[in-house]
Amino acid sequence: MFSTILFYILSVILVFSSLMVIFSRKPINSVLFLIVSFFAISGHYILLNAQFLAVVNIIVYAGAIMVLFLFTVMLLNLNKETEPKKSALVKIIAVITGCLLAVTLVGSLKGIDNAPVQDFSDNSIGLIKNLGKTLFTDFLVPFELTSVLFLASIVGTLMIGKKE
Amino acid sequence: MNLENFLIMRHELVLTIVTLILLIAELSISDKSKHKIIPIAIGLFTINLIIGFLPTISGSLFGGMYQTTALQVTMKNILNLGVLVVLFQSVKWLKEEENKIKISEFFLILFSTLIGMQFMISSGSFLMLYLGLELATIPMAALVAYDRLRTKSAEAGVKLILSAALSSAVLLFGISLIYGTTGSTYFNIVGSVFTSNSLQTLAFIFFFSGMAFKISLVPFHLWTADVYEGAPINVTSYLSVISKGASAFILLIVLFTVFKNIVEIWQNLLYVIAVSTMTIGNLFAIRQQNMKRFLAFSSIAQAGFILLGLMGANITGMTSVVYFVFVYIFSNLGAFGVVSVIYYQTSKENMDDYNGLYHTNPKLSLIMMLSLFSLAGIPPVAGFFGKFFLFTAAAASGYYWLVFIAVLNATISLYYYLLVVKAMFINKNDTPIAYFKTDTPAKISLIICVIGVFIVGFMSIFYQYFQSIGFGI
């Protein structure tokens, strides 16, 4: 019961702050609302027994990545004058396609009835110990492949930044 | 890990080792002799290519996360062969003064993206597919921006990474819906329980849209022309041949195994996309003057033809797609090879510059002509058979109207390919590109392409082999 109430509270916060990210006039406000939405998502993770993921989400996203966002916004110095003007036609098309997508998404929820329900009753499933075990047994190849991806990305970044 | 397991995933392992050796070599070679890395890299890659042809063992590793059969091995070998040709073509460009400090990075990043594509082809779960896809695209943006001091190249890199991020997001959303509705990311489990209910259909459409971005099908093609034009020519050829071929292969595997239960749905979807891709790609290609943009749009149209084979959804369809990509590699790399040789010799890449090329550089003109004929599908060369089999596959499933539209489009494409041929052979030019000697590596690559264009067409052994390893729904 308690977790159901918590779920709804978190969901309301999440939806509201996500909407505010889009509707805010000032980029800084968008970024700050994004942080709020990250915290709400972390709350959802905890409700799903993914404790480690919740902590990492806050440290990495709300911490590191948001600082980058803030810096970028400040360095770009965005304001109303620099904002590109979009024609009314583009806006109308965007609204119509967006609404169509929303209708399709809602309509397709019909198919959710026979979806399998995952068992989340195991409280310790999201702890580091279990996560590490899975990561190094079932998900070993994806884990190692990710390290190749990082290596390649680092090489690429260094190449672009190299001095003549 | 015993030897048998090594043989199963040898492509990826050897290539990873090659990449790491290059990384160490880069550190131990002095700044003055950086160009020595080129023969080392090409030599190592050739070894990798040869190891790829060792006898095949099928099997799956890591609990079904990774799987390989003769089909997947063949696909990887085809890609490896194409990459070798690209490497030969880029030697002259890499030796240029401005690239001296970043030669090894080119190989490192190129090989990493190839590892990604090979993992993608062998993936047994959506997680591996996604990671392979990311590995094949994110470092690619750095390659596209390789000439970072040229504004267009940097711009193309940014465009690629932004559109790739968007398409990955769409793809990931599709995968998350698939996981949510089936409870698994493994191909064999998802394939057996996937149905055509509304949510799963939507999941498939999202997944397909993400893949369509990579193969640049209409309406997801908007990034293609700008990125292809901005990137260095050899990177463009890699993008339009190897990257596109790999995406076509993985789409083939996924559609034929994971989404086999909803074959009617994706056939209808592909119908619309195939028609629009062929038509729009062709119509835009007619108007292009810049050779890179021209080849970009022609490659969009070619991707539309590949969809015909996919829609066949039978063993002929699978065979014809593999065969077509195999031929396409030789024909498109032949065309790109000539364009790059001419560009690095004279810095010219417009169609007008090619006027009268035959009188000064007859051999290059002939190779270009053969490649373009192969792309257009004119009988003596392999491209004709490639298109012919694709059309057969679609017709066998009863898509006569689609085949009719495709033949019309093939005719339109003939027109613009012949425009280039006309420029080289017939148009007069007071100041044609002067005669020059092609550098040896590029010569080797062009010879490989010409041999490929002829041999693959005339020898039925390739088609028969692909048919023996292929499967239908």
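Select, from A:F52, A:F71, A:F39, the only residue that is under 30 Å from A:L135 (Cα atoms), more than 13 Å from the chain's Cα centre (by Cα) and in a helix (DSSP H, G or I).
A:F52
Have a look at B:S196, B:S176, B:S192 and point out the one that is more than 21 Å from the chain's Cα centre (by Cα) and not in a helix (DSSP H, G or I).
Numbers: B:S176 fails: not in a helix (DSSP H, G or I); B:S192 fails: not in a helix (DSSP H, G or I).
From the options B:S196, B:S176, B:S192, the qualifying one is B:S196.
So the check is Cβ under 8 Å with 6+ separation or different chains; which pairs have a first residue in the stretch B:148-167 that's closer than 16 Å to B:A225 by Cβ and within 11 Å of another protein chain (Cβ to nearest Cβ) and a second one that's part of a helix (DSSP H, G or I) and open to solvent by 60 Å² or more (accessible area, probe 1.4 Å)?
Note: pairs meeting the criteria are B:G157/A:I160.
Going through A:I59, A:I22 one at a time, which residue ends up being open to solvent by 90 Å² or more (accessible area, probe 1.4 Å) and within 22 Å of A:L131 (Cα to Cα)? Explain how you work it out, then say what you get.
Working: A:I22 fails: within 22 Å of A:L131 (Cα to Cα).
Selected residue: A:I59, the only one of A:I59, A:I22 that is open to solvent by 90 Å² or more (accessible area, probe 1.4 Å) and within 22 Å of A:L131 (Cα to Cα).
So, in the stretch A:120-143, exactly how many residues are of a type in the set (D, E, K, R) and either touching a Ser or Thr at 6+ places or on another chain (Cβ under 6 Å) or within 9 Å of another protein chain (Cβ to nearest Cβ) (or both)?
The qualifying residues number 1.
Looking at B:Y354 and the list (1) modelled with pLDDT under 85; (2) under 30 Å from B:I469 (Cα atoms); (3) touching a Lys or Arg at 6+ places or on another chain (Cβ under 9 Å); (4) surrounded by 24 or more Cβ atoms within 10 Å (Cβ to Cβ), which single condition is not satisfied?
Result: B:Y354 passes all but (2).
From the list B:L108, B:L127, B:L133, B:L114, exactly one residue is at pLDDT 90 or above, closer than 21 Å to B:T68 by Cβ, facing another protein chain (nearest Cβ under 7 Å) and within 23 Å of the chain's Cα centre (by Cα). Which is it? Write out each step before concluding.
Numbers: B:L108 fails: closer than 21 Å to B:T68 by Cβ; B:L133 fails: facing another protein chain (nearest Cβ under 7 Å); B:L114 fails: facing another protein chain (nearest Cβ under 7 Å).
The unique qualifying residue is B:L127.
Output the number of the condition that B:N99 fails; it satisfies all remaining conditions of (1) farther than 20 Å from B:M211 by Cα; (2) facing chain A (nearest Cβ under 10 Å).
So the condition that B:N99 fails would be (2).
What do you reckon, is B:L54 in contact (Cβ under 8 Å) with a residue 24 or more places away in the chain, out of contact with any strand residue (DSSP E or B) (no Cβ under 6 Å at 6 or more places or on another chain) and part of a helix (DSSP H, G or I)?
Criteria not met by B:L54.
Any idea which of (1) assigned to a helix (DSSP H, G or I); (2) over 25 Å from the mean Cα position of the chain (by Cα); (3) surrounded by fewer than 17 Cβ atoms within 10 Å (Cβ to Cβ) is the one B:Y415 doesn't satisfy?
Going through the list (1) assigned to a helix (DSSP H, G or I); (2) over 25 Å from the mean Cα position of the chain (by Cα); (3) surrounded by fewer than 17 Cβ atoms within 10 Å (Cβ to Cβ), B:Y415 breaks only (2).
How many residues does the stretch B:7-37 contain that are away from chain A (no Cβ under 14 Å) and part of a helix (DSSP H, G or I)?
7
The values are calculated or read from the model by the stated rules, or taken from the named source; none is laboratory data. Every value quoted in this text rests on a predicted model; they were computed, and no experiment measured them. Counting neighbours? That spans all protein chains shown, and the Cβs are built from the backbone with ideal geometry, glycine included. Ligands, DNA and RNA are stripped out before the accessible areas are found, and what is left, the full protein with its side chains, is counted by its heavy atoms. Shrake-Rupley method; radii C 1.70, N 1.55, O 1.52, S 1.80 Å.
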